[in-house]
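The values are calculated or read from the model by the stated rules, or taken from the named source; none is laboratory data. None of the values given here were measured: they were computed from a predicted structure. Note that each Cβ is placed from the backbone with ideal geometry, even for glycine, and that neighbours are counted across all protein chains shown. All accessible areas refer to the heavy atoms of the entire protein, side chains included, with ligands and DNA or RNA removed. Shrake-Rupley method; radii C 1.70, N 1.55, O 1.52, S 1.80 Å.
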Amino acid sequence: MGKPLRIESVAQVNNDRGQKTLHPLVSVLDQSLSTPVKEARYITDVYMIFLKDEKCGELKYGRNHYDYEEGTLLFIAPGQVFGFEESENMIQPSGWALVFHPDLIRGTHLGKCINEYSFFSYSANEALHVSDAERGIVLECFNKIRYELAHTIDKHSRTLIVSNIEMFLNYCVRFYDRQFLTREHIHKDVLTGFEGLLNNYFQSENLQTLGLPSVSYCAAQLNLSPKYFGDLVKKETGKSALEYIQLKLIDAAKEQILDISKSVSEVAYKLGFKYPSHFTRFFKQHVGHSPNEYRNSLS
């Protein structure tokens, strides 16, 4: 597998698709007007958001494959690898694309909070599927940006363009909330898998040898990206994935502390703590009592 081709600028994206560059830092592309592009893997220095209207081959994003379906939004942030399996084939892009350079939003409210849009870190198989009505809202936002790009750049242009990008992303937060809700039965299965994963982990020797499982570890075991997994757990339980793991540890600690044949130090080591003092501090922070105080209160 060869080295990914680098996308360095908005102009490069436009040029590759045979479209004009109306603004050096942002572009909205009607892909039906684009020229064919080479199938390849890319790494990007710009934000790229694709709205696909029809099936368009098997895109590879990170290490995952994803078959585009109608009305799908895929979000790609700088530093991420995406694209198609390498070949000499040329393909005709379809749908729409919003591309913008980080410099466009630098120093703005969006620039400060862009990392809060966790879907930029979702895997492709966790892409956003939009309804016809939602697709209409997406295109409305894109068209407002296109309107600004079609006019002479003035002192208001950047503010209005960035505001419309932020509004679009905020709508996508709502759409993802809807997607989490409509896939509730699927997500319940994920939570069941998460609970089973933690039970097996805590009953094994993993705590002593590997320590507390990380959110990334749990997500990987469930074939989800850490961001999507974290958002899913938060929406379903009201707690972050890390809080959920820590509560599981506290439950295990309470059970072990009630065994008076074990010292607090033994319990700490069995639960994967390198130092008993760290365990005592962790337990008191979450329970409100030290391990010994908790044990004595129940004796």
Of the residues in the stretch 18-28 that are buried (at least 18 other Cβ atoms within 10 Å of the Cβ) and either out of contact with any Ser or Thr (no Cβ under 9 Å at 6 or more places or on another chain) or basic (Lys, Arg) (or both), the one that is nearest to Gly95 (Cα to Cα) is Val28
Per the filter on the stretch 1-41, residues at pLDDT below 95, β-branched (Val, Ile, Thr) and part of a loop (DSSP other than H, G, I, E, B) are Thr35
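Does Ile245 satisfy the condition of being open to solvent by less than 30 Å² (accessible area, probe 1.4 Å) and within 16 Å of Glu195 (Cβ to Cβ)? I'd like the intermediate steps shown before the answer.
Values: open to solvent by less than 30 Å² (accessible area, probe 1.4 Å): yes; within 16 Å of Glu195 (Cβ to Cβ): yes.
The answer is yes for Ile245.
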The lone condition Leu212 fails out of (1) at pLDDT below 95; (2) more than 23 Å from the chain's Cα centre (by Cα); (3) surrounded by 13 or more Cβ atoms within 10 Å (Cβ to Cβ) is (2)
All-but-one check, Lys239 against (1) surrounded by fewer than 13 Cβ atoms within 10 Å (Cβ to Cβ); (2) not in a helix (DSSP H, G or I), failing number (1)
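Does the stretch 118-130 contain at least one residue that is without any contact (Cβ under 8 Å) to a residue 40 or more places away in the chain, surrounded by fewer than 18 Cβ atoms within 10 Å (Cβ to Cβ) and either assigned to a helix (DSSP H, G or I) or out of contact with any helix residue (DSSP H, G or I) (no Cβ under 7 Å at 6 or more places or on another chain) (or both)? Write out each step before concluding.
First, the residues of the stretch 118-130 that are without any contact (Cβ under 8 Å) to a residue 40 or more places away in the chain: none.
No, the stretch 118-130 has no match at all.
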task = State whether one or more residues within the stretch 271-293 are open to solvent by 50 Å² or more (accessible area, probe 1.4 Å), within 23 Å of Leu210 (Cβ to Cβ) and among the acidic types (Asp, Glu).
result = no
When every residue in the stretch 29-55 that is open to solvent by less than 40 Å² (accessible area, probe 1.4 Å) and acidic (Asp, Glu) is compared, the one nearest to Ser121 (Cα to Cα) is Glu39
Screening Val173, Val162 for residues that are buried (at least 17 other Cβ atoms within 10 Å of the Cβ), of a type outside the set (D, E, K, R) and in a helix (DSSP H, G or I) leaves only Val162
